[in-house]
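The values are calculated or read from the model by the stated rules, or taken from the named source; none is laboratory data. Keep in mind it's a predicted model, so treat the numbers as computed, not measured. A quick note on method: Cβ atoms are made from the backbone with ideal geometry, for glycine too, and the neighbour counts reach across all protein chains shown.
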Amino acid sequence: MQITDQEFYRIVRYVKAHYGINLEQKRVLICGRLENYLVRNGYNSYDEYMNLVENNAGSNEAVNLINVLTTNHTYFMREFVHMEFLRDVILPELKKKEAGSKDLRIWSAASSTGEEPYTIAMILADFFGLEHNQWDTKVLATDLSTRVLQHAMRGRYLKEQIDPLPPNWKRRFFSQISAEEFEVKPELKEQVIFRQFNLMNPLPLKRKLHVVFLRNVMIYFEDQTKMELVERIYDFMEPGGYLMIGTTESLDKTRFRYVRPSIYRKL
Ligand SMILES: C[S@@+](CC[C@H](N)C(=O)[O-])C[C@H]1O[C@@H](n2cnc3c(N)ncnc32)[C@H](O)[C@@H]1O
């Protein structure tokens, strides 16, 4: 099925306006990922499909478009420098500061298939040890794509996906369910709350956050979108709160203070 220029830009405009994702340079990606789906589902053109998407915001087709077009690549132990910083700097600080409330609010804001928030939860379990049951450290994990969230909630990963984890974490937090597959144990699943959320929408938070992981998602956004998002997050953070972005990303013109590459702080 051929895509016309007009159809291509219609998709680009729609995805940018609703989700902030800029696909202007991604014609091959759009066609590669959508064409099969359209053919299989009996559509005759991209326009026919987009007519349905645009006229039914919450429809299956609108949800499917984003499930197909987002890039969800992630893996356990990715950019572990942030996890070390969490363990060695942030958590000791917060443990003192929040000793009264014993409530930590950590958000994995583009959590994809769950590797990132589960890793944060494992760091938290390790750090608090026997005291963990006295603290509320549940991690909020959100993503735009319902497909990756379902995967994350199920918590099943192939042997080679959990291979990079330390052996004691594998034993403690995963059960082997077949020769090839492992599943996150219920105790760890309980520590992560998965929700669908579009970062372009007003933040759905009641209480301010101590730590935000916003890693490897802003690469798809334009500068203005990125800046506005970061500033909205700033307003939802506790004073002293930390923001982690991808190690290949950077921020300029922000109220956040630079701490070290890819780590920022609200002072
Ligand atoms: C490459 S993954 C990053 C996963 C993880 N943070 C990491 O660093 O490994 C990017 C994720 O951002 C999500 N995403 C893209 N645009 C979004 C938006 N507007 N709101 C929420 N999530 C979005 C995608 O669905 C995708 O799962």
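General remarks:
- Any hit, the stretch 13-23, residues being farther than 19 Å from Asn201 by Cα, surrounded by 13 or more Cβ atoms within 10 Å (Cβ to Cβ) and within 16 Å of the ligand (Cβ to nearest atom): yes
- Which listed residue, of Val230, Val211, is away from the ligand (no atom under 13 Å from the Cβ), surrounded by 14 or more Cβ atoms within 10 Å (Cβ to Cβ) and under 19 Å from Lys16 (Cβ atoms): Val230
- Here Ser111, Ser101, Ser59, Ser45 are screened, and the one residue that is of a type in the set (Gly, Ala, Ser) and under 30 Å from Thr248 (Cα atoms) is Ser111.
- The set of residues in the stretch 32-74 that are among the charged types (D, E, K, R) and away from the ligand (no atom under 16 Å from the Cβ) comprises Glu35, Arg40, Asp47, Glu48, Glu54, Glu61.
- Filter result for Phe174 (surrounded by 14 or more Cβ atoms within 10 Å (Cβ to Cβ), modelled with pLDDT of 95 or more and under 24 Å from Asn22 (Cβ atoms)): no
- Restricted to strands (runs of 3 or more DSSP E) entirely inside the stretch 184-267, those with at least 3 residues that are under 26 Å from Ile66 (Cβ atoms) are 192-196, 209-214, 237-245.
- Residues in the stretch 128-149 that are of a type outside the set (Val, Ile, Thr) and within 10 Å of the ligand (Cβ to nearest atom): Ala141, Asp143, Leu144, Ser145, Arg147, Leu149.
- Here the condition is being exposed (fewer than 13 other Cβ atoms within 10 Å of the Cβ) and either away from the ligand (no atom under 16 Å from the Cβ) or in a helix (DSSP H, G or I) (or both); of Ala152, Ala125, Ala121, Ala179, it holds for Ala179 alone.
- Condition broken by Glu93, with the remaining ones in (1) part of a helix (DSSP H, G or I); (2) in contact (Cβ under 8 Å) with a residue 40 or more places away in the chain; (3) within 12 Å of the ligand (Cβ to nearest atom) satisfied: (3)
- Of all residues making up the stretch 42-63, the number that are over 21 Å from Thr4 (Cα atoms) and either under 14 Å from the mean Cα position of the chain (by Cα) or among the polar types (S, T, N, Q) (or both): 3
- Any hit, the stretch 75-89, residues being at pLDDT 95 or above, away from the ligand (no atom under 16 Å from the Cβ), in the same structural domain as Glu115 (by TED's automatic domain parsing) and touching a helix residue (DSSP H, G or I) at 6+ places or on another chain (Cβ under 6 Å): yes
- The stretch 13-27 residues that are aromatic (Phe, Trp, Tyr), paired with ones that are at pLDDT 95 or above and part of a loop (DSSP other than H, G, I, E, B) (beta carbon under 9 Å, 6 or more apart): Tyr19/Thr70; Tyr19/Leu144; Tyr19/Asn198; Tyr19/Leu199; Tyr19/Met200
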